[in-house]
Structure formats: structure tokens, C-alpha cells
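In what follows, a single structure is set out as C-alpha cells and then discussed.
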Amino acid sequence: MAGRRALLPAALAVSALSSVAAMVPYILVWFIIRELFTNGIQASGARIAVYGWYSMGSAVASIVLYFIALSFSHLAAFRVETNMRRQAMANIIRMPLGFFNSTTSGRIRKIIDDNAGITHGFLAHQLPDLAATILTPLTVLVLVFVFDWRLGLTCLIPVCFSFVIMSFMMSNKGRNFMQRYMTSLEQMNTEAVEYVRGIPVVKVFQQTVYSFKNFHKSITAYKQMVYNYTRMWEKPMAAYTVVVNSFVFLLVPVAILIITHTGTVAQTILNLILYVLLTPVFSQSIMRSMYLNQALGQAKEAVDRIENLTDYPLLPVSSNPKHLKGYTIQFDAVSFRYPGKQNMAVDSVSFEIPQGKTTALVGASGSGKTTLARLVPRFWDADSGSVRIGETDVRQLVPAELMASISFVFQNTHLFKTSLLENLRFGNPEATLQDIERAVDQAQCREIIDKLPHGLYTKIGTEGTYLSGGEQQRIVLARAILKNAPIVILDEATAFTDPENEHLIQQAFKKLTDTKTVLMIAHRLTSVTSADNIIVLDAGMIVEQGSHTQLLGNKGLYAKMWNEYQQSVNWKIGKEELDA
């Protein structure tokens, strides 16, 4: 907001002047009517023309001033919106990696993008109206008592009742609804993103939107919530509309009584016309205050949601950070529980991966393999115990140095919609074209590059250029090879690849992990047989460990898993089963 801090107060001041200018035509029109009513055919045309020109001038001035006020408020609002988005994204980038496991991209986009837009709308449009909302009714209130206090009191009766009704409508129910409304929008946005990503599956199996029950449920819940809210205010809004517009039915009888008792026919009728012109301004002000209050509540909720998102606890950074002195990884009595969960994800786990060696984690789903792997780069911090690299607790390491020392290859690959060259350079922005070509060859990607229309300069995701899952995995491996980090974490990197791609990926693994400290996770046990140490996990605890040969000899859980895996690999449907 630097340089534009004065724009919002200026917008309020100019908007206030605009609201005052907007009241002048009412008075001047009354003067014209008075002139005609009093003098009839002898009314001064020159005087009426002056009133008319002044009335038009004040109306034009009001419009111009309001335009200037909106210009000021929009300039300030754009700066606020930009700063909110920039600051929110700066905070998001600083989030621990575990944050992105628990928060969907759809929800992040909805909260930052839409809520910053809501705040912009309030500052740009509703805030300038604040001055008019306060100043206009005060000006009218003075005027209604200047000309005839009896008619003034009369016209205020329905205004007071309508204000009471409106106050009831702007109660906590409205604020609670706004919270539920915005939560519902976030949920629909999240489910919509999931649905769009799953459209290929939906089309293949000839399903409809109803196949995504959560998406359909979120839409139905939103519809029902808004419908119930609308029906709840149906009668109060009808009562408000009737009451606020009933002032004429009170003013006319009171004017007749005044004429009867005073005999001032002309003056009373003139005052009656003025009050008929002025009283609707109260109605406009009340409605404007309602919209302003609603917009204020929505903007406050929007800001709160952005703050709640960005208030996610950051991982603490040591005030006296240390540097890496080696790449041996040690887990010492490590325990961890996910936020909001009761059961431990890992419980008192201790083991060591010597520098340059490979350790594999195996076990059933939910046994804690991925959790242990992600404690090394500090997706989260252990609740107790310590994870150390080179005898130094990862919590004491320089964060940038820690991340630079680890290469990740996950089962869910992600390539940006840019050229393959740029995708690869994410691994090492300083890499030369020769370095990239070498990494491509080591990752068995040459055949992928050669068949693309523009080679490394081909843009992924545009003009029909897409890669299969196995091909994407090899590109990601090339990116990891290019990074050349001393520690490599492989999280089920071949889980969804076909046999041909798996063979090529295994060859790329040899290049990637050569002389590196490697922690790998795999469901396909054939990919871990050559590991220096295999750790078998169950319910977050180590049940056995050793080499492939040793574990088979122990005839424990690993041997059972191996036998089951071999049976699944060799299993096939025979003719007798098909004919059965």
C-alpha cells in the first residue's frame, strides 16, 4: 500500500461530497415546484431555469465526484489485492511440505484467489459507499425537521420499523450463513478439481457426475443451504418492503390534519411533496447499509480464511543452524502422529543408512513407510526422537542446504506445462545443455525425446503432446539425476509403470543412486532385492530387517510377503477358469 495509503480516506471524503451533491437536486426540485405552485402562470421562468441548471449541475457533480471516489478506491483495492496474493503465496512457499499433503490445490486456489477478489470488491465498491451510507441519512434527517417537524416525525415512523426489521435480518444468523456459504464454496471447488481430473476415468466407464458422490453431495448441500437461507428471510424481507414504502399512507392523513388545524394549504402540500421526495432516501440508505454490512462480513470472512490458511505452523528454524558434515541418515527412537489423529504413524523407530548405502522400507499400506521417508526432508518434524544426517539433527540444519542435499522421486510425478528443457532444469537451473543431454541418456529418456516434434523444446500438455506415466517417471528421474544430490529418496517410484518402463527405470535408478545414500520404498519386492538393508514395517514399528537372503531365511513377515508377491506375479487365468 506504500504510496497509496491516502487513497482510501480520499475516496471516503470525495464520496461524502458526492452524497451531499446528490441531495441538492431534491431541494432545487422542491424550489421549482414551490415557484410553480405559488405563482402559477406568473412563475419566473428565469428563476426556474436557474434552479434547473443548478439541479443538473449538482447531479453531474455528484456523478463525477463518485467516479473520482471509485477511481481512488479501485487503485487502492488493486494494490491491496496484489499484496494479499503476493504475501499469501510467499507464506505458502514457506510452508512445510507436509502442508501440501493435507491441503488440496483446489482449496488453496479458492482461498487465495477468490477471497483476495472479495476483499478487492469490498474496498473498491462498498467502502466508498460508507460515507454516503452515514452522511446521506443524517442530511435528510436534518432536512425533514427543517421544513415541518410534524411531517418529519411521521415519515420516520415506517423508517424506524423498517430499520428494526433490517437489524433483525443482519443478526448472527447472517454471519453464520456467510461462514457456511464460503466453506461450501471451498468444498465444491475442491471436489470440482478432483472431478475434472477424473473425467477420463468417468468417460471410459460411461459414468456421470453422480459417480463422484462427494462432488454431487457438495452441490446438493450448497443448493439446500442457500434455499433454506432464502426461505428463512422471505417473510422478513416482504415485511420490510411493505413497511419502508408505507410512508405515503401516513404522510397524507397527517398533512390533511395539519391543513385542517392550520389552514396552510399551499405550504403543507409543498412540504408533503418534499417529504415524498426525501423519505425514499432513507430506504435507499437502509438497503445500502445492509449490503455494506453483508459485504463487510464477507470481506472479514475472506481475510480470516486467508489468515487461517497462512497461519499453518511453520517448521521452526534453528537460530544457530549447522551445516552437513556427512550423509549417513540415522533414525533414533523416532515417533510421529499426524495432526488430528490418535494412532501413531511411526512408533519408536531406530535404524541407520550408512553413507553410500541403500536401505529399502517395505510393509503393508499404512505401515509408516512414506511417513519415515518424509521425515528426512522435514515434511514434518518428529514428535519425539530425532532424524539425523551426518550426526546433525535435521532440525538444526540450514533448510536450503537440507533440501539441496536430497533428490525426491515419488510415484505421483508432476511435470509443468512448459518445455521438457525447462522441466529438466528445475533439477539444476545452472545445468548446461550438455549436462541435460547426459542426464537424459542416463535416465533412459533418449527415445522419448527423439519422438517428440521439437525434442527438448517440446511443450508438455499443449498441442496434444502428452507423456505416459512411465515416460513421465523417466523424465522425473532425469531431473533428479541432473540435481545430483548426495541423498536420494524413492517413494514407490515404479508402482504404476508397465514392465518395459520398469526395466528402463531400474536402469536409470542405477545411475541415479550410484554412490548415493538411498532410502527407497517399493511395493514391488523385486525392486528391493539388491538393497543393502531391507526394513520391514508393521503398524509403524520395525518387525525385522536384513538383506533379502537373510529375511527369506528368517521365514518371517518379509518371507510371507515375498511368497505372496511371487504368487501374484505368476498368477494367470487359465482356459479352465474362463470356461468355468
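No lab work stands behind these numbers, since they all come straight from the coordinates. What you are looking at is a predicted structure, and each value in this text was computed from that prediction instead of being measured. Here the Cβ is made from the backbone with ideal geometry for all residues, glycine too, and neighbour counts use every protein chain on show.
If you project the alpha carbons of segment 348-436 onto the principal axes, what extent comes out on each, in Å, largest first?
Principal-axis extents of the Cα atoms in segment 348-436, largest first: 45, 31, 24 Å.
Starting from the amide H of Lys322, placed 1.01 Å from N in the peptide plane, find each other amide H under 5 Å away whose residue is 5 or more places distant or on another chain.
Leu397, Val398
If one computes the Cα centroid of segment 522-540 and of segment 343-403, what distance in Å separates the two points?
Segment 522-540 and segment 343-403 have Cα centres spaced 16 Å from each other.
Please list, or write none, the lysines whose alpha carbon is within less than 21 Å of the alpha carbon of Lys516, excluding same-chain residues fewer than 8 places away.
Correct list for Lys516: Lys325, Lys357, Lys369, Lys483.
Residue-wise, which Karplus ³J(HN,Hα) couplings in Hz belong to segment 314-330, taking 6.51 cos²θ - 1.76 cosθ + 1.60, θ = phi - 60°, and x for glycine or proline?
So the Karplus estimates, Gly and Pro as x, are 6, 5, x, 10, 4, 6, 10, x, 10, 10, 5, 10, x, 10, 6, 9, 10 Hz.
Please compute the contact order of segment 362-436 in relative form: average sequence separation of alpha-carbon pairs under 8 Å and at least six residues apart, divided by the residue count, as a percent. It would help to have the intermediate numbers written out before the result.
Numbers: 27 pairs, mean separation 11.9, N = 75.
Across segment 362-436, relative contact order equals 16 percent.
In whole Å, what is the distance between the alpha-carbon centres of segment 421-484 and segment 69-91?
A separation of 38 Å, based on Cα centres.
Using the Karplus equation 6.51 cos²θ - 1.76 cosθ + 1.60 (θ = phi - 60°), what ³J(HN,Hα) coupling, rounded to whole Hz, does each residue of segment 233-239 give in order, writing x for Gly and Pro?
Using θ = phi - 60°, the values come out as 9, 4, 6, x, 5, 5, 5 Hz.
Principal axis extents for the chain, Cα atoms only, whole Å, descending order, please.
The Cα atoms of the chain stretch 117, 59, 51 Å along the principal axes, largest first.
Across segment 329-571, what fraction of all alpha-carbon pairs, as a whole percent, falls in each successive 10 Å bin from zero upward?
For segment 329-571, the pair-distance distribution reads 7, 30, 33, 22, 8, 0.
Given the options Leu292, Ala531, Ala77, identify the residue whose Cα lies farthest towards the positive end of the charge dipole of the chain (+1 on Cβ of Lys, Arg; -1 on Cβ of Asp, Glu).
Working it through, the farthest residue towards the positive pole turns out to be Leu292.
Let me know the longest stretch in the chain that avoids all chymotrypsin sites (Phe, Trp or Tyr not before Pro) found in a DSSP loop with at most 13 other C-beta atoms within 10 Å.
In the chain, the maximal stretch lacking such sites is 206-415.
Take every Cα pair under 8 Å in the chain that's 6+ residues apart, average their separations, divide by the length, and report that relative contact order as a whole percent.
About 13 percent, as a whole number.
Around Ser530, which amide H atoms from residues at least 5 apart in sequence, or from another chain, sit under 5 Å from its own amide H, with H modelled in the peptide plane?
Residues meeting the criterion, in which the H sits 1.01 Å from N, do not exist here.
Using only the Cα atoms of segment 308-460, construct the convex hull and provide its projected area averaged over every direction, in square nanometres to one decimal.
12.3 nm²
Please list the non-local residues whose amide H lies under 5 Å from the amide H of Ser419, H modeled 1.01 Å from N, same-chain partners needing a gap of 5 or more.
Ile460
Give the longest segment of the chain that steers clear of GluC sites (Glu not before Pro) in DSSP loops with at most 15 neighbouring Cβ atoms within 10 Å, not counting the sites themselves.
Longest run free of exposed loop sites: 1-390.
Ordered by residue, what ³J(HN,Hα) values in Hz, to whole numbers, does segment 434-448 give under the Karplus form 6.51 cos²θ - 1.76 cosθ + 1.60, where θ = phi - 60° and Gly and Pro are x?
Result, rounded to whole Hz: 5, 4, 5, 4, 5, 5, 4, 5, 5, 8, 6, 9, 4, 5, 5.
Grab the eigenvalues of the alpha-carbon gyration tensor for segment 7-310, scale each by 5, take roots, and send me the semi-axes largest first in whole angstrom. The partial results should precede the final answer.
On the way: eigenvalues 525, 115, 50 Å².
In descending order the semi-axes read 51, 24, 16 Å.
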